Amino acid sequence: MEQSTNTEAAGKPRPIFMEHRWGQRKRCQARARLSGAGMSGTGRVRDVSTSGAFIETTMHLPIHARVLLMVRGNESAIREVEIAASVARVSRGGIGIEWCDTPLGSICAVLGCTAPCAASKEK
């Protein structure tokens, strides 16, 4: 994600965000443990794509921080999956992350889900 500024009519800088996202975003409900920037905590994957995810969490991680996610997946998950990512966006409700390595195959399977959950089928 790149951040630059644009000047509004009043002369105040306004941030402009450009996200680089690949793949279709799918809703998700996988539970996750996060660690990075000397902190650790928990969260829930709200949505996921081939290039990253949005994690609902109360952790306050800085932009570009490298994080390690341990994702349990949904109720069908049989194992926990460890995925490296970096923080691309910070918002009030959580963080947007980009995978360090683009996963191959179905993102649901990468997260450890053996069957698509109801959330991934919602539009």
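Scan the strands (runs of 3 or more DSSP E) fully inside segment 37-90 and keep the ones with 2 or more residues being touching a residue at least 60 places away in the same chain (Cβ under 8 Å) and not aliphatic (A, V, I, L, M). Talk me through it step by step, then tell me what you get.
Working: elements: 39-48, 52-56, 66-73.
Output list is empty.
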**Report entry** segment 84-109, subset surrounded by fewer than 20 Cβ atoms within 10 Å (Cβ to Cβ) and among the β-branched types (V, I, T), residue farthest from I55 (Cα to Cα)
**Finding:** T102
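Every number here is computed from the coordinates shown, using simple stated rules; none is lab data. Predicted model only: the values in this text are computed from it and were never measured. Heads up, the Cβs are rebuilt from the backbone with ideal geometry, glycines too, and the neighbour counts pull from every protein chain shown.
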